[in-house]
Protein chains: 2
Amino acid sequence: MRSENEPSGQKGRSFIEEARRAQIIASAVEVIAEQGFARASLARIAQHAGISKGVISYHFDGKDELMEEVVVRVYTAISEHVLARMEGLSTATELLRTQILGVAEHMRAQRTQLRALGEIFANLRDADGKLRFGVNAGEEIYQALEQIYRLGQKTGEFRAFDVRVMALTQSAAVDAMFAYWINNPGHDLDAHARELADLFERAVR
Amino acid sequence: MRSENEPSGQKGRSFIEEARRAQIIASAVEVIAEQGFARASLARIAQHAGISKGVISYHFDGKDELMEEVVVRVYTAISEHVLARMEGLSTATELLRTQILGVAEHMRAQRTQLRALGEIFANLRDADGKLRFGVNAGEEIYQALEQIYRLGQKTGEFRAFDVRVMALTQSAAVDAMFAYWINNPGHDLDAHARELADLFERAVR
DNA sequence: TTAAATTTTGGCCATGCGGTCAGAAAATGA
DNA sequence: TCATTTTCTGACCGCATGGCCAAAATTTAA
């Protein structure tokens with residue numbers, strides 16, 4: 001039996017254990033992306049991974065923890081990539097453009113993860129029936145974007161505007177870009193991202 | 001027993017029969033909007049309508065037909081309303097501001113139906129697991145917005161930009177505004193809408 | 001009034017779900 | 001080697017679901 005109750009912390013998790021969890025998460029991502037959230041039962045995820053259903057229950061506290069782990073890992077990967085691209089940049093305008101283009105660049109190679117993320121965001125609910133993750137991406141992202149806007153307003157690059165509205169709008173615009181791209185495979189994601197960068201560059205001036 | 005097999009046509013449906021169907025559809029919309037697609041079971045819909053579960057099976061060929069009827073009715077009503085509002089406006093800038101300020105108010109009254117529509121579009125699948133309706137749900141709306149942008153580009157009011165990207169972004173921005181407003185009741189919706197109108201007015205120039 | 005047609009009820013069914021568990025299997029360490 | 005721990009299996013549980021239907025209730029028509 002696994003050594004302790006560890007509801008969310010990653011302490012004392014062996015390499016083997018971590019590998020199994022990663023394998024299960026990868027299967028979950030693929031099943032969710034291919035068949036949708038509603039069909040992503042533990043049985044289907046286990047079958048896709050070539051293991052028994054009980055193994056998932058053994059390595060995760062439950063289906064909810066598995067789903068949250070999927071979200072956490074995909075999100076972490078995105079933010080690491082984007083933050084790396086943003087390093088060394090100084091002006092708010094540069095940061096704004098890089099934020100939009102960097103996310104698109106990363107996700108272009110991660111369609112499966114992106115689709116799974118969207119399914120979970122739209123469907124995962126708590127016991128009360130409320131969405132576990134809001135339709136809104138999250139407060140952290142908004143605050144990060146708002147810092148960029150405030151910087152630009154401070155330096156005079158940007159005009160005066162409501163930074164919360166701008167952050168919400170930029171986040172929604174990027175989400176919509178991905179949603180459209182996923183459902184229209186021929187769509188040019190990078191061109192769309194450049195259009196968005198232009199759009200917001202003008203909107204903030 | 002109902003007189004015939006009538007998979008989709010509306011022929012030979014009595015007034016009473018039609019009223020029952022409308023009542024069931026209305027309950028389905030409310031349950032889906034409040035609890036999400038996954039929790040909108042026939043039992044919950046029936047309970048919400050104050051009728052026995054079997055009544056739904058009697059008036060509809062199955063759950064799928066009920067869901068499709070919900071989509072058809074709500075979508076038809078919404079598109080008719082939106083198109084009516086667009087008549088009589090002249091300049092592209094007027095149309096743009098009206099879309100954001102006016103349609104926002106319209107959506108406030110229709111948000112239960114819109115939410116139900118979104119849930120069905122995102123979740124209703126056929127036996128193969130494929131989405132019954134694509135996410136091309138907004139296609140008509142996108143095309144309507146694109147007409148405004150092209151008009152503005154033709155008259156020289158607007159700069160050159162990708163009209164599809166702009167339509168997607170504007171639509172997403174308004175949706176995000178409502179999502180944020182629903183989750184943050186103290187949020188000033190009208191001020192948000194004005195910020196958005198300013199944002200897009202600058203973005204298109 | 002009375003017979004026929006329509007509509008509703010409430011219980012039943014098979015299926016799939018997330019979760020649990022005893023015991024088998026495999027890995028580990030002495 | 002052999003005992004101990006970790007990991008896995010496959011069966012099982014209670015529950016909710018969509019669909020079904022005989023019988024009851026209601027409405028309609030003669």
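The values are calculated or read from the model by the stated rules, or taken from the named source; none is laboratory data. Please read all numbers here as calculations on a predicted model, not as lab measurements. We place every Cβ from the backbone using ideal geometry, glycine too, and count neighbours over all the protein chains shown. Accessible surface is based on the protein model in full, side chains and every heavy atom, while ligands, DNA and RNA are left aside. Shrake-Rupley method; radii C 1.70, N 1.55, O 1.52, S 1.80 Å.
Coupling constants for the range A:200-205 follow from the phi torsions by the Karplus curve (6.51 cos²θ - 1.76 cosθ + 1.60, θ = phi - 60°), and in residue order they are 6, 4, 6, 5, 8, 8 Hz; glycine and proline get x. Can you work out the FRET efficiency for the pair B:GLN143 and A:THR112, with r the C-beta to C-beta distance and R0 = 25 Å, to the nearest 0.05? Computed FRET efficiency for B:GLN143 and A:THR112: 0.25. Give the aspartates and glutamates reachable from B:LYS53 as a straight Cα distance under 20 Å; neighbours fewer than 8 places away on the same chain don't count. The reachable aspartates and glutamates, counting only those whose Cα sits under 20 Å from B:LYS53, are B:GLU17, B:GLU18, B:GLU30, B:GLU34, B:ASP61, B:ASP64, B:GLU65, B:GLU68, B:GLU69. Modelled spin labels at A:SER90 and A:GLN23, positioned 7 Å past Cα toward Cβ, are 5.1 nm from each other.
According to the calculation over all Cα-Cα pairs in the range A:134-201, the P(r) per 5 Å bin from zero is 4, 16, 23, 21, 18, 11, 5, 2, 0 %. Helices in chain A, meaning DSSP H runs of at least 4 residues, each add -39500 (n - 2.57). Divided by all residues, the mean residue ellipticity at 222 nm is -23000 deg cm²/dmol.
Here B:GLY129 yields copy-to-copy label distances, from shortest upward, of 2.8 nm, the label point defined as 7 Å from Cα along Cα to C-beta. Most mobile of A:ASP188, A:ASP128, A:ASP175 per a Gaussian network model of chain A (Cα springs, under 10 Å)? Most flexible of the set in this elastic network: A:ASP128.
Label-point distances for A:ALA38 to the equivalent site in the other copies, using a point 7 angstrom along Cα→C-beta, read 1.1 nm when ranked shortest first.
With all protein chains kept in place, the per residue accessible area of the protein assembly as shown amounts to 50 square angstrom at a probe of 1.4 angstrom. Distance between the modelled labels on A:PHE15 and B:ARG159, one decimal in nanometres: 5.4 nm (7 Å Cα→Cβ projection). Mean per-residue shielding of peptide B:38-46 is 1, counting Cβ atoms of other chains within 10 Å of each Cβ. What is chain A by shape, rounded, prolate or oblate, if you read a ≥ b ≥ c off the alpha carbon gyration tensor as root eigenvalues and call it rounded for a/c under 1.5, prolate for a/b larger than b/c, and oblate otherwise? It comes out prolate by the Cα gyration axes.
Summarise the long-distance tail of P(r) for the protein assembly as shown by giving the % of C-alpha pairs beyond 38 Å.
Here the long-distance tail beyond 38 Å is 28 percent of all Cα pairs in the protein assembly as shown.
Comment: the Cα-to-Cβ extended label point of A:ARG202, at 7 Å, lies 1.3 nm from its counterparts in the other copies, nearest first.
The aspartates and glutamates whose alpha-carbon is closer than 13 Å to the alpha-carbon of B:LYS63, local same-chain residues fewer than 8 away aside, are B:ASP126. Across peptide A:27-37, the mean count of Cβ atoms from other chains lying within 10 Å of each residue's own Cβ comes to 1.
Here the protein assembly as shown has 51 percent of its accessible surface on carbon and sulfur atoms, given a 1.4 Å probe and all protein chains in place.
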